[in-house]
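Here's the structure we're looking at; comments come further down.
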């Protein structure tokens with residue numbers, strides 16, 4: 001399994017307060033506690049934060065399937081916002097739908113408490129790291 005602490009130590013994840021976990025290959029969970037700094041004009045968690053969670057959950061789920069020396073780069077993410085997230089902590093659960101040779105396809109459900117607030121789909125390019 002991958003070293004998720006590498007993700008959790010990244011400055012952007014720390015800035016937002018995100019925490020990633022993965023217990024099964026092809027799946028990932030990213031949690032975002034509520035923080036006043038992440039709210040939009042009306043006081044709820046901003047949709048941009050939800051988009052970030054979707055991107056992270058899908059790309060980490062894909063990363064769990066990769067051998068050493070391969071990396072993931074998101075090429076597309078589409079999010080459907082179903083209802084306002086409000087002021088709850090957010091959990092995004094991503095899964096890989098298909099992994100090809102150069103692309104992987106994933107989806108994500110985003111919940112605020114028990115409410116499903118957004119769904120997302122994403123495509124990741126698989127890259128080989130050159131020494």
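Values in this text are rule-based calculations from the coordinates and carry no lab data. Keep in mind that what you see is a predicted model, and the values were worked out from it rather than measured. Please note: Cβ atoms are built from the backbone with ideal geometry, for glycine as well, and neighbour counts cover all protein chains shown.
Structure values in brief
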read-out	value
Dimensionless Rg ratio for the chain, taking C-alpha atoms and the 2.2 N^0.38 Å reference	1.02
222 nm mean residue ellipticity, helices alone, for the chain (DSSP H n ≥ 4; -39,500 (n - 2.57); rounded to 500)	-6000 deg cm²/dmol
Degrees separating the helix 47-63 axis from the principal Cα axis of the chain, which is the longest one	20
Per-residue Cβ neighbour rank within 10 angstrom, fewest leading, 52, 39, 63, 128	128, 39, 52, 63
Net length gained if the chain between residue 2 and residue 127 were fully extended (0.36 nm per residue, minus Cα distance)	43.4 nm
Computed FRET value (nearest 0.05) for residue 71 with residue 119, which takes r as the C-beta separation and R₀ as 25 Å	0.45
11 Å cut-off, amide nitrogen to a point 7 angstrom out along residue 87 Cα→Cβ, residues in region 35-60	35-36, 43-45
Residue order, fewest to most surrounding Cβ atoms within 10 angstrom, among 3, 55, 88, 35	3, 35, 88, 55
Virtual paramagnetic centre 7 Å along Cα→Cβ of residue 42, amide N under 20 Å, in region 114-131	114-120
Whole-number percent relative contact order across region 4-128, with pairs defined as alpha carbons under 8 Å at least 6 apart	26
Order of 101, 37 under a 10 Å beta carbon neighbour criterion, fewest first	101, 37
Percent antiparallel among DSSP beta bridges (both partners in region 4-128, rounded to 5)	100
